[in-house]
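Notes follow once the structure below has been shown.
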Amino acid sequence: MASQDVLSQTTRLASSSALLQVLFRAVTFGLNAFTLRHLSRELLGVVNVRLTLLYSTVLFLAREAFRRACLSGSTKRNWTKTINLLWLTVPLGVFWSVFLGLVWLHLLEVPDPSVVPHYQAGVVAFGLSAIIELLGEPFWVLAQAHLFVRLKVIAESLSVVSKCVLTVILVILYPQWGLYIFSLAQLLYTSVLVMCYVIYFGMFLGSPEATKKSFPVTRMKALLPKVVEDEDDIAMAANVLEQLLKLVLLIGLTITVFGYAFSQLALDIYGGSMLSSGTGPNLLRCYSLYVLFLAINGVTECFTFALMCKEEVDRYNFVMLALSFTFLCISYFLTHWHGSVGFILANCFNMGIRIAHSTHYIYDYFKESTYRPLTGLLPSPVLILVYVISGVITVFSEVFFCCDKGWMARLIHISIGSACFAATIITMFCTETKLVHFVRSQFLSRYMKKGT
């Protein structure tokens, strides 16, 4: 019963957090659409690919292994020592920022200063922003371990909105600043993100609410225990995993199928011809596929790390190190072969390897039982057929009606896509009845109880 309570609480938090995320992202979408119409394609490319890659690589190398270790295994840990361990991410971040910053400045090709001004300052700022974000790593792990989902969503959303607002203001007032605009916005983003966590825990610790909580507190492993002795618990764990896999798979497939035919139209509406021409649509199409890999990997790795013991996590950290080296090599070759599209394909390959590792672990975990949660990765044949038909129809619709034939042709293309999307959703409701029941009983139960 306790496991069911944790499941209901977690799913309710996830649903309310998703609504907040959608609201904040909608505001961010509008601000970004305005910004993209006032900046050059080359400047945006350097920011979104090269500098963002530097920032994400520093964070990955400095904190990923610590996150895996501190959020896996038993929850009965010494949190004082754990937090002290997490502070090691800061000097690691300084090292990787300096090392990779030198690589970005001296080994990679430097953009033309007349087209992309202040590139050196951008490299320094994005490396510094990674270090600032690592200062909040202990607070992030505490929030994640204690299921402070709303804190995470609000902190990230506020930081993104602050970044976009500052970017818009600087673009209007000082467009000649170039990368200074994105450098200041990135530093504001990480500063707001860290401050949100610091302020929250500063107010939370010592409050009456904090005294009601025992530390250490059960984390996501409480939903899917490592040692399962009750057959009912095994059934619940298998059912939750199966339905979550089915849910993210269908969401990812929908984005991939319809994203392929509507990428050019979406970019044209979002940023004009600057984005919809050239390689922009192909990038978005590949990224739609990458979303599918990300969604599946998120669920499988979450389950896997909730079950792993400390020794298994240590072994996996070495596997991740090898995967990181393999990813860098594949990224290098694919980027030379097909530019930015190759880089996204390299990320898809990386996620595919991680999914394969997690599914192998899950298969071994359930092989002695009668439950097969990995069947959640297999949609019904009828639904697959509808996806294929919808994909073919929308691709032909894009060829004939999009995107240089006027708004009437675009509306026809949107109408055809809407009809295919509606047919897909109806088929989904008719064929995936277990998933529909799961969503209604877990995500919507809170609102149904309020209505009664």
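Counting only residues that are in contact (Cβ under 8 Å) with a residue 12 or more places away in the chain, outside any helix (DSSP H, G or I), under 19 Å from V49 (Cα atoms) and open to solvent by 30 Å² or more (accessible area, probe 1.4 Å), the range 78-111 holds 1 of them.
Quick check: anything in the range 50-65 at pLDDT below 75, in contact with a helix residue (DSSP H, G or I) (Cβ under 7 Å, 6 or more places away or on another chain) and of a type in the set (D, E, K, R)? No, the range 50-65 contains no residue that is at pLDDT below 75, in contact with a helix residue (DSSP H, G or I) (Cβ under 7 Å, 6 or more places away or on another chain) and of a type in the set (D, E, K, R). The selection criterion, being of a type in the set (V, I, T) and either over 17 Å from E42 (Cβ atoms) or exposed (fewer than 13 other Cβ atoms within 10 Å of the Cβ) (or both), does not hold for V123. Tell me, yes or no, whether the range 138-160 has at least one residue that is among the β-branched types (V, I, T), under 18 Å from N48 (Cβ atoms), part of a helix (DSSP H, G or I) and in contact with a helix residue (DSSP H, G or I) (Cβ under 7 Å, 6 or more places away or on another chain). Yes, that holds for at least one residue. With respect to the stated conditions, Y365 fails to be surrounded by 13 or more Cβ atoms within 10 Å (Cβ to Cβ), within 20 Å of F421 (Cβ to Cβ) and touching a residue at least 24 places away in the same chain (Cβ under 8 Å).
Within the option set G259, G278, G298, being assigned to a helix (DSSP H, G or I), under 19 Å from S340 (Cα atoms), small (G, A, S) and open to solvent by 10 Å² or more (accessible area, probe 1.4 Å) holds for one residue only, G259. V392 falls short on exactly one of the conditions (1) open to solvent by less than 50 Å² (accessible area, probe 1.4 Å); (2) in a helix (DSSP H, G or I); (3) at pLDDT 80 or above, and that condition is (1). Within this structure, F305 passes the test of being buried (at least 18 other Cβ atoms within 10 Å of the Cβ) and either closer than 23 Å to A65 by Cβ or of a type in the set (F, W, Y) (or both). Under the condition of being open to solvent by 40 Å² or more (accessible area, probe 1.4 Å) and more than 20 Å from the chain's Cα centre (by Cα), the residues counted in the range 129-173 number 6.
No other residue among V399, V382 is surrounded by fewer than 16 Cβ atoms within 10 Å (Cβ to Cβ), at pLDDT below 90 and assigned to a helix (DSSP H, G or I) apart from V399.
The values are calculated or read from the model by the stated rules, or taken from the named source; none is laboratory data. Values in this document were obtained by computation on a predicted structure and should not be read as measured data. Backbone-built Cβ (ideal geometry, glycine too); neighbour counts: all protein chains shown. The accessibility values were calculated without ligands, DNA or RNA, using every heavy atom of the protein model including side chains. Shrake-Rupley method; radii C 1.70, N 1.55, O 1.52, S 1.80 Å.
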